[in-house]
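The values are calculated or read from the model by the stated rules, or taken from the named source; none is laboratory data. Note that the structure is predicted; figures quoted are calculated from it, not measured. Virtual Cβ from ideal backbone geometry, glycine too; neighbours counted across all protein chains shown. Surface accessibility is based on the protein's heavy atoms, side chains included, excluding ligands, DNA and RNA. Shrake-Rupley method; radii C 1.70, N 1.55, O 1.52, S 1.80 Å.
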Amino acid sequence: MFTRRLSPTGRRLRVLFAAAEIYPFAKTGGLADVGAALPAALAALGVEVRLILPGYVSALDTAENKRMVLRLPGERGGVLLGRAPDSGLPVYLLDQPDLFRRDGGPYQDRDKHDWPDNFRRFTCFCRAAADLALEGDEDGWAPDLVHANDWHTGLVPALLALHGGPRPASVFTIHNLAYQGNFPLEEAHAAGLPPAMLRPEGAEFYGQFSFLKAGIRYADRLTTVSPTYAREILTTEFGAGMDGLLRDRADDLVGILNGIDQDLWNPAHDGYLPARFDAEDRAGKRCAKAGILAEFGLDPAEDAPLIIGVNRLTHQKMADVVLEALPALLDQGMRIVLHGQGDRELETAFVAAAAARPAQLAVRIGYEEGLAHRLNAAADLALTPARFEPCGLTTMYAMRYGALPVTRPVGGLADTVVDIDERGEDGAPGTGFIFTEPTAAALVASLRRAGRLFRIPSAWGHFQKNAMRRDFGWERSARRYLAVYEEMARSLAAEPARIWVPAAE
Ligand code: ADP
Ligand code: GLC
């Protein structure tokens, strides 16, 4: 069916990359970073990539040279085409003011309540992306393949699959199975979604309509953001109720580790830092540490490690366990700075804990990109534990800045961190401290181990260098995505003449 849109040999493959957040247009977590870096890396490999996301106020303000390229039927607004400021990639924005021009985040209002009309918001977004993919824009641009990400875009592969005519191919990437986009079935009926989609063999999920299930059920290929998570989600423990369906589709599922933007996150060139440093000369790191201790009013202590936590304050990130472990860590003399936002109750509890021990513990609620860079530069250790972690960019950022992660062997963390007492499968040297049980006792024990090693500067420096020298760049991963696209083209194309050959090779 979709062969019409698989490129004839010679033309560059056209990919429409759809996500609800893409940096710098909108960001709440790692998805936005991937949405910025992966398309740019694919473009560097010769793919013709365009982005699509909702026209939030921040996105409309950020996109350059916007013009209307598709008017949607009914009250559905229009699609603008502009450019991303850094990568220069073309970006489509669904401009529907009543749904997206609001004061608040992409998914929630300022009080952290989900927008009550999220079903409608993301149904509209998915329909606009699917219309664009099927019909093309006013200039005649249409993709060969749609790459959809997370639940907010899960309806796109479904709308394409049920379209019934020639259509582009679809890839759906799962960044986090815990966010599913489940809504009352009646809303889906009322919105006029195809009946086939509303049955258990479709996207019905325990009496609800699930955007995530729609993506998993209908996309031509599935990917997720690390090899270990790709295996974990086939189990009941990590499958979040989707494991049965995922096992059915296991042959179409592949885990590709995210990269990080190694230009943006590079201590040797980082404009946010008071002094630059690299693996060989880490003097600038001491300067960053002194600066952070002073800025947050913590008692300086050269012999005490500085621990940071720059993460969402949620159950996934074990923020509750970190809170429980704090007294024991502070009693060991550690200095701790936490920066993040998330569950309101946890935010309040962390602020209270800092008020009780101001010489050793500081908490800054919110998220500032520059502060995140400076904290990684200052830190000896980075708390990045998780109950589950599809990939975990924060941990890679920490290692790149010589902050050794203290974390658990789940998902992408298992694929990126090697315990300092071990060797990785590929012989990679140790770069962090891994504990297994998701408990405060295990976390404290792990930090005690770290504290002992910290007192041996030569050994510490050795592991810091290991961490800083790891290559987490995007190129290798982007090539893997390209291989998925190419393999799809091969196996889905009816005629050999339509097999796409990447222009870059
Ligand atoms: P997740 O996407 O699950 O939050 P990752 O570690 O993959 O986890 O990515 C986190 C990303 O979000 C990083 O870019 C990090 O700098 C950023 N970040 C960390 N804490 C916050 C926060 N409180 N608010 C917004 N972004 C944050
Ligand atoms: C999700 C996951 C995180 C991953 C990110 C980018 O937010 O929680 O582990 O790194 O997506 O793929």
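In percent, how large is the relative contact order of region 283-469, given Cα pairs closer than 8 Å and 6 or more residues apart?
With pairs under 8 Å counted, the relative contact order is 21 percent.
Can you give the translational diffusion coefficient of region 283-469 in µm²/s, computed by Stokes-Einstein from the Kirkwood radius over Cα pairs at 4 °C and 1.567 mPa s?
80
Where in region 332-361 does the label zone of ASP299 land, with the point 7 angstrom along Cα→C-beta and an amide N cut-off under 19 Å?
Under 19 Å, as judged by backbone N against the label point of ASP299, lie 332-338, 353-361 of region 332-361.
Could you report the accessible area of GLU237 in Å², rounded to 10, computed with a 1.4 Å probe on the protein chains as they sit in the structure?
Here the residue's solvent-accessible area equals roughly 150 Å².
Using alpha-carbon positions, what is the distance between the centroids of region 14-34 and region 403-435, in Å?
27
How long are the three semi-axes of the equivalent ellipsoid of region 179-329, in whole Å, if each is the root of 5 times an eigenvalue of the C-alpha gyration tensor, listed from largest down?
45, 20, 16
How long is the gain from ALA483 to ASP139 if the chain were fully straight, where each residue apart is worth 0.36 nm and the alpha carbon distance is subtracted?
Residue separation times 0.36 nm, minus the Cα-Cα distance, leaves 121.0 nm.
Could you work out the relative contact order of region 131-258, using alpha carbon pairs under 8 angstrom and six or more residues apart, expressed as a whole percent?
For region 131-258, the relative contact order is 24 percent.
For the chain, give the percent of accessible area contributed by carbon and sulfur heavy atoms, probe 1.4 Å, rounded to a whole number.
C and S fraction of accessible area: 50 percent.
Run the numbers for ALA445 and ALA352: contour at 0.36 nm per residue of separation, minus the present Cα-Cα distance, in nm.
Result for the pair: 31.1 nm of gain on full extension.
Normalised by the number of residues in the chain, what is the relative contact order in percent for Cα pairs under 8 Å and 6+ residues apart?
It rounds to 15 percent for the chain.
Ignoring solvent entirely, what values of log10 I(q)/I(0) come out of the Debye formula for the chain at 0.07, 0.11 Å⁻¹ when each Cα is a single scatterer?
-0.39, -0.94
Estimate the FRET efficiency between ARG199 and HIS163 by the formula 1/(1 + (r/R0)^6), using the beta-carbon distance for r and 22 Å for R0, to the nearest 0.05.
Plugging the Cβ-Cβ distance into 1/(1 + (r/R0)^6) gives 0.80.
Let's test the formula: R0 of 35 Å, r as the Cβ-Cβ distance of GLU345 and ARG452. What FRET efficiency results, to the nearest 0.05?
Calculated transfer efficiency: 0.55.
Which order do you get for ARG83, ARG50, ARG102 if you rank them by accessible area with a 1.4 Å probe, largest at the top?
ARG83, ARG102, ARG50
Assign one of three labels to region 208-279, namely rounded, prolate or oblate, based on the Cα gyration tensor with a ≥ b ≥ c the square roots of its eigenvalues; rounded applies when a/c is under 1.5, prolate when it is not and a/b is larger than b/c, and oblate otherwise.
prolate
Please work out the average accessible area per residue across the chain, using the 1.4 Å probe convention, and give it in Å².
39
Heavy-atom accessible area of THR235 with all protein chains present, probe 1.4 Å, nearest 10 Å²?
Using a 1.4 Å probe on the heavy atoms, I get roughly 60 Å².
Please calculate the 1.4 Å probe accessible area of ASP263, with all protein chains present, and give it to the nearest 10 Å².
130
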